[in-house]
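Since the structure comes first, as structure tokens, the remarks are kept for the end.
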Amino acid sequence: MAAWSLWAVQRRVQRLLASHSRIWLHPFSTATQRTAGEDCSSEDPPDELGPSLAERALRLKAVKLEKEVQDLTLRYQRAVADCENIRKRTQRCVEDAKIFGIQSFCKDLVEVADILEKTTECISEETESGDQKLTLEKVFRGLSLLEAKLKSVFAKHGLEKMAPIGDKYDPHEHELICHVPAGVGVQPGTVALVRQDGYKLHGRTIRLAQVEVAVESQRRL
């Protein structure tokens, strides 16, 4: 009887130990399997999603580059159009300058023409009356007024008459007509006489002065 009781106690102890061993081993194995499964699942997707992400990035980059190309093309077309408009406006300005560049000068010359016309009318009236002396006086006053007005117009627009007498001969400003003997107080190689006045516009010679140049007697032509 005592032997049977000892054997029963040993069986119960073995069962308890077996039950406790199953309780500790089961959670460990389950956690281990879950961790292994998660590791596998976390490693597998990158192998499958990698190429698709790269393709998507390339497509986005291509769209961005295409948009930049369109923007640059539009800017280029606008720049070309602006340059063409500027060229046309500049060309019109140049053409207008050619046509109307002397508008102010012509307007001042009209006043000279008015003086000349009035002088001519006065001369015609006095000629009919027969008083020649009075006619000549009015002609002289009219011509003097005309000359003064012309000088004023020329000065206003930068047109200057050259006075080369006594100056050294300069082929860029003077046109040599002939040589004359150098007189008293006249240096050889200088302008002794002006046949036709020369003019400068803002310092640039627009008409050469026709001159006679003094030389030594033996070099006279």
Accessible-area composition of segment 58-104, carbon plus sulfur, in percent [1.4 Å probe]: 61
For LEU193, solvent-accessible area (1.4 Å; no DNA, RNA or ligand), Å²: 80
Calculated FRET value between VAL184 and LEU145, using beta carbons and R₀ = 35 Å, to 0.05: 0.40
Inter-site label distance for VAL112 and LYS64 at 7 Å from Cα along Cβ, in nm: 7.3
Square roots of 5 times each gyration tensor eigenvalue, C-alpha, segment 81-221, largest first, Å: 37, 34, 10
Approximate spin-label separation PHE100-ARG204, in nm, with each point projected 7 Å along Cα-to-Cβ: 2.2
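The values are calculated or read from the model by the stated rules, or taken from the named source; none is laboratory data. Remember, it's a predicted structure, so these values are computed and weren't measured experimentally. Positions of Cβ are backbone-derived with ideal geometry, glycine not excepted, and every protein chain shown enters the neighbour counts. Only protein heavy atoms, including side chains, enter the accessible area calculation; ligands, DNA and RNA are left aside. Shrake-Rupley method; radii C 1.70, N 1.55, O 1.52, S 1.80 Å.
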